[in-house]
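**Student:** I have a structure here, written as structure tokens, and I will follow up with some questions on it.
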Amino acid sequence: MPSRCYLCYTDGESIDHILAGCLFSCRIWVEMMSKLDLQWNRPHSLKAWLEFVNSNAGSSKRDVVWRVGVLAIMWATWMERNN
Ligand SMILES: [Zn+2]
């Protein structure tokens, strides 16, 4: 059994939980989606998240910023988890 998530203390810790399903990271994603005016259903796995990101991105500069922004938030969340 995975250890308890250090960010929300409500579920077991896994990469899918931390980057997709965690209440802590979800607050960040909700804010980001709101600012970008994107409709989404909260993904519950990293794979589903990345599929969503790719389905909403092409090759424009905006889309590159979108992808980099998502990865930056994932990186910052992971760093917070390790603090
Ligand atoms: Zn959590």
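**Student:** Any residue that is closer than 22 Å to R81 by Cβ and more than 16 Å from the ligand (Cβ to nearest atom) - is there at least one of those in the range 10-28?
**Tutor:** No, the range 10-28 contains no residue that is closer than 22 Å to R81 by Cβ and more than 16 Å from the ligand (Cβ to nearest atom).
**Student:** Considering the range 20-46 alone, what residues qualify as being within 18 Å of A76 (Cα to Cα) and either touching a Cys at 6+ places or on another chain (Cβ under 6 Å) or loosely packed, with under 11 Cβ neighbours inside 10 Å (or both)?
**Tutor:** Of everything in the range 20-46, those that are within 18 Å of A76 (Cα to Cα) and either touching a Cys at 6+ places or on another chain (Cβ under 6 Å) or loosely packed, with under 11 Cβ neighbours inside 10 Å (or both) turn out to be C22, L23, F24.
**Student:** Moving on to the next point. Select from the range 48-83 the residues that are β-branched (V, I, T) and surrounded by 14 or more Cβ atoms within 10 Å (Cβ to Cβ) and list them in ascending order.
**Tutor:** Scanning the range 48-83 gives V53, V70, I73, T77.
**Student:** Turning to a different aspect of this structure: What are the pairs with Cβ atoms under 6 angstrom where one residue, in the range 23-47, is touching a residue at least 24 places away in the same chain (Cβ under 8 Å) and the other, located anywhere, is surrounded by 15 or more Cβ atoms within 10 Å (Cβ to Cβ) and of a type in the set (V, I, T)? Sequence gap at least six, or different chains.
**Tutor:** S25/T77; I28/I73
The numbers here are math on the coordinates, done by the rules we state, and not lab data. As the structure is a prediction and not an experimental result, all values here were calculated from the model. Backbone-built Cβ (ideal geometry, glycine too); neighbour counts: all protein chains shown.
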